[in-house]
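A short worksheet on the structure shown next.
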Amino acid sequence: MRKKDISYAGVMARRSKILKSSLGIDYGVYESGSIAFDYGALMAFGGYGFDDIRGIQKAVSAGNTPLIELRNITRLLRQLSPPGKGARVLLKDEACNPSGSSKERRAAITCHHAKRAGYKGVVAAAGNSYGMAVAAQAARQGLRCVVVQECYDSRMRCQPEAVEAARKCEALGAEVLQLSVGPEMFYVFLSILEETGFMNASLYSPFGVLGVETLGYEIARETNEKYGRNPDAVICAHAGGGNVTGTARGLIRAGAGSASVIAASVDLRGLDLTSDESYNLKSFTTGHTGSGMPFAADPDRSDTRRSAARPLRYMDRYVLVSQGEVFYATEVLVALEGLERGPAGNTGLAAAFSLAREMGQDEILVVQGTEYAGAGRHSQAQLSFARENGIVIKFGDPGKNIPGKNIIIPDTPERISAVEQDMGTLRKSLITNKTKGYPRDSITAGDIAFLAEETKTDEGFVEAVLNCG
């Protein structure tokens, strides 16, 4: 019997077959043969209605987290705002999920489907908050769980957040494989899927995104119950796009589609986060520009053929905040509201310090989520690790932040300034990425309509980009 080629080249050559088997989704069914594909039909895969999603999550204690009015922070921001400005700031406390983050919602649906589809286990190529969520939900479903975690550089340095996550995943019964930075992570991930026959617990499957819809739905429902109206804006931490996509879809489902959906990422521009030398020169392992920008402009760079997370379909604004601003917001949340939450989940809160001051006092701004604070996910642990890696930490003007060189914590709250990104540039990038290799005369009217939906624009905008290309 011929042995299977388990070399890097051999495994990567079987990538499509492995991914298809590990999710049970034939993506070819949804393809048009050109650029467009049937996104709506893909999201309906599995036959889960919204009531089904809510019921699955309720059965495993995922979701239904409190929406908290940050009265003291709102009061502070109004003192710093022009007359009549300073929106009411609300916080969806997702740290109250069993494993401590909104990722519980995604993992609950994924693990439920794995059990229903007859898989014996799940594999997650995500070692931090999502890895913990998958480990927790796999335990609830009686499934085996393997978490593949990229965490070490060549000097065997590992970020405290990753160490904390591995500890928790193992405590929840998962097997954790910790790897160095580089392309071997995807190779190992594919190899494990093929060897075990387990389900790919991808963040970018329909299950992973459908699970977040309940978050947006709850935000709309709770603001109506408490204040008699929909939120005016919702800030979502943005990395791979599932947070933005699922939350926005949930808002639309709840009749709050007019709320502005604002994506926020930590600004790590200038750092090559695939580089061994740069990987540990950051304090945030997710929710940063290293994934936020590439995934916005090309969502299908994920571990599925077609990602269900398509943020530019739903994103109205995209802003960046610095690492120091997020650390500052984390400490203010403790000092003024008595809520100790991990810095990684406070990216949206840092942006709110800036954005609330441009909104009216009669408006409602919701920060979409928090994450729990454990030993390795605490500001002190992350700042200590930064110092050990030569990062200069000081107080002052965060506008002088240089990723990989310093972390500047604001010396006053009015220093926080979310930096607006050009949505037009992002939209043009997506259109350029998706039409690369297609002669202009081969791009159909259906493709153009699809790209208009992908970029939340119109066909005239797409035509203009194509004609300038």
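The values are calculated or read from the model by the stated rules, or taken from the named source; none is laboratory data. Model, not experiment: these values are computed from the prediction. Using ideal geometry, Cβ is built from the backbone for each residue, glycine included, and neighbour counts are taken over all protein chains shown. Just the protein is used for accessible areas: all its heavy atoms, side chains included, with ligands, DNA and RNA removed. Shrake-Rupley method; radii C 1.70, N 1.55, O 1.52, S 1.80 Å.
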### Task
Exactly one condition in (1) at pLDDT 95 or above; (2) part of a loop (DSSP other than H, G, I, E, B); (3) not aromatic (F, W, Y) is not met by L355; state its number.
(2)
#### Entry: D441 vs. criteria at pLDDT below 95, over 19 Å from S283 (Cβ atoms) and exposed (fewer than 15 other Cβ atoms within 10 Å of the Cβ)
yes
### Task
Residue by residue through the stretch 267-307, note down the ones that are charged (D, E, K, R) and not in a loop (DSSP other than H, G, I, E, B).
D300, R301
### helices (runs of 4 or more DSSP H) completely within the stretch 57-170 that count 3 or more residues being surrounded by 23 or more Cβ atoms within 10 Å (Cβ to Cβ) and modelled with pLDDT of 95 or more
103-116, 129-141
### Query
If only one of G348, G374, G360 is at pLDDT 95 or above, open to solvent by less than 30 Å² (accessible area, probe 1.4 Å) and closer than 18 Å to K103 by Cβ, which one is it?
G348
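I need the full set of residues from the stretch 385-408 which are β-branched (V, I, T) and either without any contact (Cβ under 8 Å) to a residue 40 or more places away in the chain or open to solvent by 20 Å² or more (accessible area, probe 1.4 Å) (or both), in order please.
Within the stretch 385-408, V392, I393, I402 meet the criteria.
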### Task
Among the residues of the stretch 149-178, write down those that are among the acidic types (D, E) and either within 21 Å of the chain's Cα centre (by Cα) or over 19 Å from D276 (Cβ atoms) (or both).
E150, E161, E164, E170, E175
### Query
List pairs: first in the stretch 363-375 and farther than 17 Å from S265 by Cβ, second among the aliphatic types (A, V, I, L, M) and at pLDDT below 95, Cβ under 7 Å, 6+ apart or cross-chain?
A375/A381
## Note on the structure
Over the stretch 267-321, the set of residues touching a residue at least 60 places away in the same chain (Cβ under 8 Å), of a type in the set (V, I, T) and surrounded by 22 or more Cβ atoms within 10 Å (Cβ to Cβ) is T285, T286, T304, V319, V321
### Per-region count, the stretch 5-33, residues part of a loop (DSSP other than H, G, I, E, B) and surrounded by 14 or more Cβ atoms within 10 Å (Cβ to Cβ)
3
